[in-house]
Amino acid sequence: MDQYLPLAAGGLSLFDASLVSTSLVLVFGLLIALCLIITLEGKVFDSFNDKNNAKKRAKAMEELHSSKPSAPSAPAARAASAPAAPAPSPAVEAGIPGEVVAAISAAIFSLEGCNAVVREIRRVPQSGGSRRGAWGDAGVIQATRPFL
């Protein structure tokens, strides 16, 4: 005769209890193993990306150092000592503070590098004029976006 565990629902046989406990341990053990595997893959791919970025940075530094002449010639030295032309300042719409202009310029410089030029900074006209504002509209769009 099977042994029964007393439960309010009538009872389970020992076979049923061992089957349920084994299934739970197996499922959660495999979930933990999958999490560890995915984490390990992320670390491996991050190390590959770091190595590639380090190689690119080293190559860029070599190109930078090789493009500079070690001893400038006399005409080049005179041209280098002449004052450089100031960078053109961007056309800024009235009402935008200087700190905002500096922050936008710094962000563009950090993303695009020294070759980017800011020519104009102006406010984007608001269409419709929502009561929620830009952040509220972004929240509504994100919360109501369909799953595709």
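The values are calculated or read from the model by the stated rules, or taken from the named source; none is laboratory data. Here the structure is a predicted model, which is why all the values come from computation and not from measurement. Cβ placement follows ideal geometry from the backbone for every residue including glycine, while neighbour counts extend to all protein chains displayed. Note: accessible area is taken over every heavy atom of the protein model, side chains too, but ligands, DNA and RNA are not part of it. Shrake-Rupley method; radii C 1.70, N 1.55, O 1.52, S 1.80 Å.
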Margin query: 7 Å from Cα along Cα→Cβ at both ALA143 and ALA103: what's the point-to-point distance in nm?
Written below: 2.5 nm
Item checked: Chain lengthening between THR39 and ASN53 when straightened (0.36 nm per residue, less Cα-Cα) -> 3.0 nm
Next item on the list: Note down the accessible area of PHE45, probe 1.4 Å, to the nearest 10 Å².
Entry: 120 Å²
